[in-house]
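Step one of this worksheet: look at the structure below.
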Amino acid sequence: MKKLLVFIAFVLLFSSCSEYQKAMKSEDVAVKYDMAEKMYEAKKYSKAIRLFEQIAPAYKGKPSAEKMFYMYAQSLYNTKQYYLAGHQFESFAANYPKSQKLEEASFLGAKSYSKLSPVFSLDQVDTYKAIEKLQNFIDEYPESTYLAEANIVAKDLREKLEKKAFETAKQYNTIENHKAAVVALDNFIINYPGTPFKEKALYYKLDSSYKLAINSVPSKMQERLESAKNAYNNLVKLNANTEFKSKADEMLARIENDLKQFSKIN
């Protein structure tokens, strides 16, 4: 019985492959379309794509073109060909503005670009593009069922840009260019006031301000110590129980001790 089932499965598989190959070689676009749809419904997207690519030029302007191009775009998306999927969804939205699939296509087109966004350390051109596409969707469909997901994806992408900006500013601290670090971290905090990296940015600004101050020439030391103390106050004002409290307190003790010499002079 088991051998019979295996044999039947093999026959069906061979028959299916044979039908697919016949459709691929056929000159009849209707045959190709039917097989492409069959492959799409079976979630055999790569096979469906090969057929869609063959018939796409012939189907432009036909009544069934809308469904065909939608399935084509979905197949590209499901095979993670996000650049091509994004292009196809955008093309679909432009060519079929009255389609019932318009909202979904517009969302998936924008989401496709988000899938192209690289890790934060690389160039973020695609991230900026994805955010723009998602924001356009959010503005166009404020009541969309996809709105929550679109906002989450856009938020994640913005946080990636914030992380890159933070790591770039922090790098000056790492290489001990403390004067540049103070400026860069200050600019980061101003440009991203609600960033989840704010506490870390304030700490590294304190660290650089402190090291810049204690290594200063006497004529600049008092002013820089006061700036470092202000950086400490900003950190604990944000979070009195910051994870950096111990190190920050050690710096403050040194800052206040060094400031005493100036109070004696004054």
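List of remarks:
- Being under 29 Å from P118 (Cβ atoms), among the acidic types (D, E) and at pLDDT below 95 is a property that does not hold for E27.
- Residue match in region 153-161 (condition: assigned to a helix (DSSP H, G or I), small (G, A, S) and touching a Lys or Arg at 6+ places or on another chain (Cβ under 6 Å)): no
- Residue check for S216: out of contact with any Gly (no Cβ under 6 Å at 6 or more places or on another chain), closer than 25 Å to E167 by Cβ and not acidic (D, E): no
- The listed residues are N230, N239, and the only one of them that is surrounded by fewer than 15 Cβ atoms within 10 Å (Cβ to Cβ) and in contact (Cβ under 8 Å) with a residue 40 or more places away in the chain turns out to be N239.
- Long-range neighbours under 8 Å by Cβ, at least six apart or interchain, first residue free of Cβ contacts under 8 Å to residues at least 60 places away in the same chain and closer than 19 Å to E132 by Cα within region 81-105, second among the basic types (K, R) and open to solvent by 40 Å² or more (accessible area, probe 1.4 Å): Y82/K115; G86/K133; F92/K101
- Qualifying residue in region 66-82 (condition: part of a helix (DSSP H, G or I) and of a type in the set (K, R)): yes
- Of the residues making up region 215-227, those that are open to solvent by 40 Å² or more (accessible area, probe 1.4 Å) and either part of a helix (DSSP H, G or I) or charged (D, E, K, R) (or both) are P218, S219, K220, Q222, E223, R224, E226, S227.
- Filtered residues of region 172-203 (kept if within 22 Å of the chain's Cα centre (by Cα), surrounded by 14 or more Cβ atoms within 10 Å (Cβ to Cβ) and either at pLDDT 95 or above or closer than 17 Å to F244 by Cβ (or both)): F188, I189, T195, F197, K198, K200, A201
- The residues in region 56-73 that are at pLDDT below 85 and of a type in the set (F, W, Y) can be counted, and the count is 1.
- Residue that is nearest to A65 (Cα to Cα) [pool: residues in region 18-48 that are among the polar types (S, T, N, Q) and within 40 Å of the chain's Cα centre (by Cα)]: S46
The values are calculated or read from the model by the stated rules, or taken from the named source; none is laboratory data. If you're wondering where the values come from, they're calculated on a predicted model, not measured in any experiment. Positions of Cβ are generated from backbone atoms using ideal geometry, with glycine treated the same way; all protein chains shown enter the neighbour counts. Ligands, DNA and RNA are stripped out before the accessible areas are found, and what is left, the full protein with its side chains, is counted by its heavy atoms. Shrake-Rupley method; radii C 1.70, N 1.55, O 1.52, S 1.80 Å.
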